[in-house]
Each structure stands twice: as C-alpha cells, then as structure tokens.
Amino acid sequence: MENTNIGNSSQEARVSILEQIPLPNSSLTSSIPVANTISVILRINNVEHKLQLDPRVTLLDALREYIGLTGTKKGCDHGQCGACTVLVNGHRINSCLALAASYDGEEITTIEGLAQDEDLHPVQAAFIEHDGFQCGYCTPGQIMSAVGMLKEGHAETDDDIREQMSGNICRCGAYLNIVAAIREIKTNVHTH
C-alpha cells in the first residue's frame, strides 16, 4: 500500500540547510539575555571583532556563526580531527576545544587570513602544487597546522612531519601529498 501524499508533504516541509545557518550578527546573540553574556574582543586576521557572547561559546562557533568566517571547519567537535585548527599568537590550537572568551585580545589567524591580497601563502601554494587535498574539507585545518608546525621548527624528517601532523585527519587519505607539500616548504625555508 503506497501513500503518495507522504512524499509530497515531506517535500513541502523541507527547509534548505542554508536557511538554517545563522548569519553573522544575526538574532542568535539576541536570544541570549544580555545579563548572561560577556564582552569579548577577538582580533582575527588583523581585524577587531567586538562581540557579546555566552561564556560557553567556543572559538570555532564564534568564528563560524558570529563572525561568518566559515573556512575553519567543524569536524568532530572533540579535538580529534584537526579540521578546526587556527593559529593563536602563531601557535596552532583546536578551536572547537577553546572558549572564545579565553582568547579576548589575542591575535587569531584563520585560513582566510593567510593569503596576502592575491598572493597565496607558500603552504597554500604547495598544497595546490602537490595535490595535498581531495575533497578539501580538512584542508584549511591541515594548512593551518602545517604553518604552525613549520614555525615551531619540529619537522626535520618526513617521520617528524607525519608525527607533528598526526592531529589532523584526512579521511580521503591525501597524506603522501600533504607530507610532500610540507617537505617542499621546509626545504625552501632552509635554502633561502
């Protein structure tokens, strides 16, 4: 027994996922009583953002939902996949585990802040040259982690690179190309 009305009614009730995403400065913040929020100034990619946030808002959610920087991805929300990696004062962190209020006034760099005008960051260019991505979902976190790792100076060998990048999961398995991209940058840094 087939009911054709079920298909039509569920189709009418569908709401696009895009309609469910809060826009920057949307009514999302107004649904929280002001008495329960705190003032936070986030300095992201050299731009200051003054926000009223619930103290429990993660840095990842502040970036994506309040500021509209969606390059940083929400993967596992448990600090296990690295898709949400950003730099704070040049050091890599998992933004899904960080409370936004903890980074009040700190310098935060996201994937959107790496390129200078039309010039890609060298790590971004190397990822493109070496095909260091497939679906691309993890790529912003991979690139941010690679930039942080190179600044830390821990990667002397390919094994070091793999170990230092082990907090960033690529479900497509582009690891060989990711290591090749990072190796090229590391080599060029030492030769210049």
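Values computed for the structure shown
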| item | result |
| --- | --- |
| Residue in region 18-31 that is surrounded by fewer than 20 Cβ atoms within 10 Å (Cβ to Cβ) and either at pLDDT 95 or above or of a type in the set (D, E) (or both) present | yes |
| Qualifying residue in region 157-170 (condition: in contact (Cβ under 8 Å) with a residue 40 or more places away in the chain, in contact with a Cys (Cβ under 9 Å, 6 or more places away or on another chain) and not β-branched (V, I, T)) | yes |
| Any chance K74 is farther than 20 Å from Q164 by Cα, surrounded by fewer than 21 Cβ atoms within 10 Å (Cβ to Cβ), under 12 Å from the mean Cα position of the chain (by Cα) and not polar (S, T, N, Q) | yes |
| Filter result (farther than 18 Å from G75 by Cβ and either of a type in the set (D, E, K, R) or in contact with a His (Cβ under 9 Å, 6 or more places away or on another chain) (or both)) within region 114-146 | L114, A115, D117, E118, D119, E129, D131 |
| Condition met for E112 (farther than 24 Å from I67 by Cα and surrounded by fewer than 20 Cβ atoms within 10 Å (Cβ to Cβ)) | no |
| Region 128-160: number of residues that are of a type in the set (F, W, Y) and modelled with pLDDT of 95 or more | 1 |
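Yes/no matrix, rows are residues, columns are (1) of a type in the set (D, E, K, R); (2) in the same structural domain as C76 (by TED's automatic domain parsing); (3) buried (at least 21 other Cβ atoms within 10 Å of the Cβ); (4) outside any helix (DSSP H, G or I):
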residue: P140; (1), (2), (3), (4): no, no, yes, no
residue: I143; (1), (2), (3), (4): no, no, yes, no
residue: A155; (1), (2), (3), (4): no, no, yes, yes
residue: I161; (1), (2), (3), (4): no, no, yes, no
residue: S166; (1), (2), (3), (4): no, no, no, yes
residue: I169; (1), (2), (3), (4): no, no, no, yes
residue: G173; (1), (2), (3), (4): no, no, no, yes
residue: E184; (1), (2), (3), (4): yes, no, no, no
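The values are calculated or read from the model by the stated rules, or taken from the named source; none is laboratory data. Being a predicted model, the structure only gives us computed values, none of them experimental. Note that we place each Cβ from the backbone using ideal geometry, even for glycine, and neighbour counts take in every protein chain shown.
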